[in-house]
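See structure below.
The values are calculated or read from the model by the stated rules, or taken from the named source; none is laboratory data. None of these values were measured; they are calculated from a predicted model. Here the Cβ positions follow ideal geometry from the backbone for every residue, glycine too, while neighbour counts run over all protein chains shown. Just the protein is used for accessible areas: all its heavy atoms, side chains included, with ligands, DNA and RNA removed. Shrake-Rupley method; radii C 1.70, N 1.55, O 1.52, S 1.80 Å.
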Amino acid sequence: MSRAETTVRQENPRARSPLWTLGLLRSELTTTFRRWRTLALLAVLAAVPVLIGIAVKIETGDGSPAGGGGGGDGAGPAFLTQITNNGLFLVFAALAATLPVFLPMAVGVVAGDAVAGEANAGTLRYLLVAPAGRTRLLLAKFTSTMVFCLVATLVVAVSALVTGALLFPLGEVTTISGTRIGFGDGLVRAVLIAAVVAASLVGLAAIGLFVSTLTNSGVAAMATTVGLLITVQILDTVPQLDAIHPYLFTHHWLSFTDLLREPLYWDEVLDNLGLQALYAAVFGSAAWARFTTKDITA
Amino acid sequence: MEELSAVNSEAVIDTRGLTKRFRGGQLAVDGLDLAVPAGSVFGFLGPNGSGKTTTIRMLMGLIEPTSGTATLLGRPVPRAAHSVLPEVGALIEGPALYGFLSGRDNLVRYDSADPAADPRTRRARVAAALDRVGLTAAGSKKAKAYSLGMKQRLGLASALLRPRRLLVLDEPTNGLDPQGMREIRSLVRELAADGTTVFLSSHLLDEIEQVCTHAAVMARGRLIVQGPVAELAAGARGRLVVTTPDTADAARVLKELGVTGLTVAEDRVTGELPPGDADLADLNAALVRAGVRVRSFGVERASLEDAFVALTGEGFDVAG
């Protein structure tokens, strides 16, 4: 198909403005974000930080001592104990809480449904005879799934920031290393962390898209993707499989906490981003190879 | 313009030995040689499971042929599908819509999938397409609230978003009431009058007979016949029909005069005319001379259905 498309482009020298080719991506984005399912997923993600915030508020509201200003490594990556001192920590706590389950599940649903859902509804054949072009359609699907990863992460972060600001005081941030940085610096760190968390989901999104090209059932693709996610997370906890752990796409997910150190500690974060890029390349290519040669019978 | 007329003079759809064998060995289409002349309204007939939809999907680049070639508007598919398909409107196996989008937004979605469609004229073209199928009033309603007939109309609208040189309509009147069917037929005639070639698959023979200039018949993956509708119908000979209270006498006289395949049902005697140019007036005179009281006398013109049954030998049942 790709060979066909390049020859066609030579045959058809009429210049197309970039706007025309981006039309499909824009349509893809509006279609994705107008689905009730997408909005429901985002609503659930927005609710998680609110629930955490309220729970922490109730726990500490009855006079029991706040978790401790000492912060530090003993508290682990959950940051829960520091929320009462600084609402900004609700952002880190909420991202740490949603990254293992809620966020990837939402991404698995959207990515798994991307192609299979259209095939299931029969709309895929009309997009292809429009003609959307298989490579172009897959790129639009991949990009809109990436955008969903980012939006989902931002929904958690913004909801957490608003909830944190309403329920708790804001102020200087105590880093994991024990030093203190200003609130503005802390906010920059939060944005950086949200971006890294969103990028952590890219590998899973590529897997979901590949699975989506294998079947004509949206539900099957979503279930398979989420099932794979759970399997990988279980494998990541089995010590006997130590050798493969660094290659599992979930392995470095919680490394984003390194960005709360002073100075920033990048090693594992970069490992994570590299691994996600590798997964995106491998499964993106597999999805492309499958989708461009597939007989569309649905 | 020269190029256009050159393309117009040849077949709009042309397949050579087009074959599709699915994984699992099922031969869905077997060596199809189809030629659809430009400007025709081409009826594509066949029982369910005869390979019509698989053929259409191969023409649209959705399915890769196992062997053989196909050209659409003079260009090879699926290789040149990207440049040909903007000029082809299609309705394949019924409409498929996004239920959570309005009818209008469904069309906007399909139009943005076409890289050759100008986004600046999109709103206007969508409105025109809705108007053409009579859905302007329901354009803002969510598609999931549409009746089957309205969905079918919206599917047609998506095929009419841009001026097309070829329309491929797979069972376009499915789910429509008689009024809707009439509207579709007049729409097809209107489009054909504008010079659009219409490729229409259907299992409704009288529909094909009413609108099509040409037809092809498929059975079990093979093309049985193709040609102008008038010739196909002429292939099946008309039957002599005599209505009389004296059926036994009538049958005896007609048999003596060379009429074959006589059947008697109540007061009707029917049979096949003898070969050659037997004058019907002589037959009638002979009957009257023999004292047969004739109520009516005539030849029933062969319908396409007779032709179809004669060709497939099996009638219009699902292929096994």
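Working note: Cα atoms of chain B, range along each principal axis, descending, whole Å: 79, 45, 45. The overall shape of region B:104-191, judged from the alpha-carbon gyration tensor, is oblate: a/c is not under 1.5, and a/b is no greater than b/c. Nearest 5 percent is fine: what portion of the DSSP beta bridges confined to the protein assembly as shown is antiparallel? Looking only at bridges with both residues in the protein assembly as shown, the antiparallel portion is about 65 percent.
Give the lysines whose C-alpha is closer than 28 Å to that of residue B:20, dropping any in the same chain fewer than 8 places away, or say none. Within reach: A:294, B:52. Per residue of B:74-83, other chain Cβ atoms within 10 Å of the residue Cβ number 5 on average.
Compute the relative contact order of region B:121-192 as a whole-number percentage, counting only Cα pairs closer than 8 Å that sit 6 or more residues apart in sequence. Could the numbers behind the result be given before it?
Details: 41 pairs, mean separation 21.8, N = 72.
Computed over region B:121-192, the figure is 30 percent.
Region B:35-99 and region A:75-115 have Cα centres spaced 48 Å apart. Take the Cα of residue B:144, step 7 Å toward its Cβ, do the same at residue B:282, and the gap between the two points is 7.2 nm. Cα axis of helix B:122-132 to longest principal axis of chain B: angle in degrees, 0 to 90, nearest 10? Between the helix axis and the principal axis of chain B, the angle is about 20 degrees. For the peptides B:259-272, A:280-293, B:147-160, the ranking by mean Cβ contacts within 10 Å, running from highest to lowest, is B:147-160, A:280-293, B:259-272. Relative contact order, whole percent, for region B:1-123 stands at 23, derived from Cα pairs under 8 Å and 6 or more residues apart. Charged side chains reduced to their Cβ positions (Lys and Arg at +1, Asp and Glu at -1) give region B:27-175 a dipole of some 720 debye around its Cα centre.
With the Cα gyration tensor of region B:55-213 giving a ≥ b ≥ c as the square roots of its eigenvalues, does the rule (a/c under 1.5 for rounded; else a/b larger than b/c for prolate; else oblate) give rounded, prolate or oblate? Verdict is oblate for region B:55-213. Summing charges over all other residues whose Cβ lies under 10 Å from the Cβ of residue B:201, with Lys and Arg as +1 and Asp and Glu as -1, gives -2.
Per residue, how big is the convex hull of region B:1-142 when only Cα atoms are used? Give it in Å³.
Details: hull volume 21.4 nm³, N = 142.
Normalising the Cα hull of region B:1-142 by residue number yields 150 Å³.
By DSSP, the beta bridges lying fully in chain B are antiparallel in about 65 percent of cases. Among A:201-214, A:143-156, A:167-180, B:202-215, the peptide with the highest mean count of other Cβ atoms within 10 Å heads the list, and the full ranking is A:201-214, A:143-156, B:202-215, A:167-180.
Could you work out, residue by residue across A:118-127, how many beta carbons of other chains sit within 10 Å of that residue's beta carbon, and then give the average as an integer?
Partner-chain Cβ atoms within 10 Å, mean over residues of A:118-127: 5.
State whether chain A is rounded, prolate or oblate according to the following rule on the C-alpha gyration tensor (a ≥ b ≥ c being the square roots of its eigenvalues): a/c under 1.5 gives rounded; otherwise a/b larger than b/c gives prolate, and the remaining case gives oblate. It comes out prolate by the Cα gyration axes. Taking all protein chains as they are arranged and a probe of 1.4 Å, the heavy atoms of residue B:82 leave approximately 20 Å² accessible to solvent. Size descriptor for region B:104-150, Kirkwood hydrodynamic radius: 11.2 Å (Cα pairs only, one decimal).
Karplus-based coupling profile of region A:252-260, in residue order and whole Hz: 9, 3, 7, 5, 4, 5, 4, 7, 9, with θ = phi - 60° in 6.51 cos²θ - 1.76 cosθ + 1.60 and x standing for Gly or Pro.
Test of understanding: express the Cα radius of gyration of region B:59-98 as a ratio to 2.2 N^0.38 Å, with N the residue count.
Ratio of Cα Rg to 2.2 N^0.38 Å: 1.26.
The length gained on full extension between residue B:296 and residue B:23, counted as 0.36 nm times the residue separation minus their Cα-Cα distance, comes to 92.6 nm. Which whole-number percent gives the relative contact order of chain A, counting Cα pairs below 8 Å spaced six or more residues apart? 24 percent.
Our analysis of the protein assembly as shown gives Rg over Rh at 1.17, with the two radii drawn from alpha carbon positions and Rh computed by the Kirkwood formula.
Over the protein assembly as shown, with the other protein chains present, what is the accessible area per residue in square angstrom, probe 1.4 angstrom? Mind dumping the intermediate values first?
Working: 26650 Å² over 618 residues.
Accessible surface, normalised per residue, equals 43 Å².
Tell me the total accessible area that A and B bury against each other, 1.4 angstrom probe, in square angstrom rounded to 100. Present the calculation step by step, with values, prior to reporting the outcome.
On the way: alone 14370 and 15730 Å², together 26650 Å².
Using a 1.4 Å probe on protein heavy atoms, the buried area is about 3500 Å².
For the pair region B:176-238 / region A:120-170, the C-alpha centres are spaced 45 Å from each other. Near the amide H of residue B:215, within less than 5 Å, lie the amide hydrogens of B:43, B:227, B:229, all on another chain or at least 5 residues away, with H placed in the peptide plane.
Modelled label-to-label distance, residue A:235 and residue A:55, 7 Å Cα→beta-carbon offset: nm? Taking the simple label geometry, residue A:235 and residue A:55 are separated by 2.9 nm. Give me the distance between the Cα centres of region B:251-294 and region B:110-175, rounded to whole Å. Spelled out, the Cα-based centre of one part sits 54 Å from the other.
Hey, which lysines would be in cross-link range of residue B:141, C-alpha to C-alpha under 18 Å, not counting anything within fewer than 8 residues on its own chain? Result set, ordered by chain and number: B:151. Measure nothing but the geometry: give the 0 to 90° angle between the long axis through the Cα atoms of A:18-34 and the longest principal axis through the Cα atoms of chain A, rounded to 10°. Computed tilt is about 60 degrees.
Given a Förster distance of 25 Å, report the FRET efficiency between residue B:33 and residue B:66 from their Cβ-Cβ distance, rounded to the nearest 0.05. Write out the running numbers ahead of the final one.
Working: r = 15 Å, r/R0 = 0.62.
After rounding to 0.05, the efficiency reads 0.95.
Relative to the first principal axis of the alpha-carbon coordinates of chain A, what is the inclination of helix A:202-214, with its axis defined by its Cα atoms, in degrees from 0 to 90 and to the nearest 10? That works out to roughly 30 degrees. Would you look at the GNM of chain A, springs on alpha carbons closer than 10 Å, and say which of A:116, A:94, A:223 moves the most? Greatest mean-square fluctuation among the candidates belongs to A:223.
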